[in-house]
């Protein structure tokens, strides 16, 4: 994907549902729709402070993610096909 491609964002509150979160990230529906960025709110987080993601999505956590005591309430996922050196 280069800089001239269309960027589309999908935002959803998953209400801490692992099933909902898994369905969004693993069924490839958003990939087929051409979604480039996913913004999830109230996500399901494991005991280490991370979420489950698929090979199609790169989770971006708040900085400093591991240094805060609170569980993150939102995460941004960037389509893995978008090279990270193109991010701003």
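Every read-out reported here was derived from the displayed coordinates using simple, explicitly stated rules and does not represent laboratory data. Bear in mind the structure is a predicted one, so any value in this text is a computation, not a measurement. Please note: Cβ atoms are built from the backbone with ideal geometry, for glycine as well, and neighbour counts cover all protein chains shown.
How about region 34-56: which of its residues are touching a strand residue (DSSP E or B) at 6+ places or on another chain (Cβ under 8 Å) and more than 18 Å from residue 73 (Cβ to Cβ)?
Of everything in region 34-56, those that are touching a strand residue (DSSP E or B) at 6+ places or on another chain (Cβ under 8 Å) and more than 18 Å from residue 73 (Cβ to Cβ) turn out to be 35, 36, 56.
Would you check which residues across region 1-32 are in contact with a strand residue (DSSP E or B) (Cβ under 8 Å, 6 or more places away or on another chain) and closer than 24 Å to residue 88 by Cβ and list them?
Of everything in region 1-32, those that are in contact with a strand residue (DSSP E or B) (Cβ under 8 Å, 6 or more places away or on another chain) and closer than 24 Å to residue 88 by Cβ turn out to be 1, 7, 8, 9, 10, 11, 12, 25, 30, 31.
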